[in-house]
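Working notes for the structure below.
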Amino acid sequence: MTMLNHLSAFADRALQAAMPASPRYAVSLIDRRTGKPHRISGIPLRLITCDPFETARDLMRHRDPARWDTAIHRLDRKGAIQ
């Protein structure tokens, strides 16, 4: 293998290192009666996004705001909630 085979991968890594990553957020749909996240087949509904307010608005579309709410948490670089 020559260096040219790895040039595109190297350029991609260099670009990622030079450009700051946009922050990511976890958006959950919360049941106001229980205070717990909405679950589908026992798994909490959590969407990862760079635009949390648009995602929260989409989750609340056609839902009763008296029963449902959204929770937005910022994620660190490794994906853990801060």
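The values are calculated or read from the model by the stated rules, or taken from the named source; none is laboratory data. All values derive from a computational prediction rather than experimental measurement. Note that we place each Cβ from the backbone using ideal geometry, even for glycine, and neighbour counts take in every protein chain shown. Side chains are part of the model used for accessible areas, which takes the heavy atoms of the whole protein and leaves out ligands, DNA and RNA. Shrake-Rupley method; radii C 1.70, N 1.55, O 1.52, S 1.80 Å.
Structure data summary
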{"read-out": "Pairs with Cβ under 6 Å, 6+ apart, first in segment 56-82 and free of Cβ contacts under 8 Å to residues at least 24 places away in the same chain, second of a type outside the set (Asp, Glu) and open to solvent by less than 70 Å² (accessible area, probe 1.4 Å)", "value": "none"}
{"read-out": "Matching entry among 21, 11 (being open to solvent by less than 70 Å² (accessible area, probe 1.4 Å), of a type in the set (A, V, I, L, M, F, W, C), out of contact with any Ser or Thr (no Cβ under 8 Å at 6 or more places or on another chain) and modelled with pLDDT under 95)", "value": "11"}
{"read-out": "Total residues in segment 37-72, condition assigned to a helix (DSSP H, G or I), hydrophobic (A, V, I, L, M, F, W, C) and open to solvent by less than 100 Å² (accessible area, probe 1.4 Å)", "value": "3"}
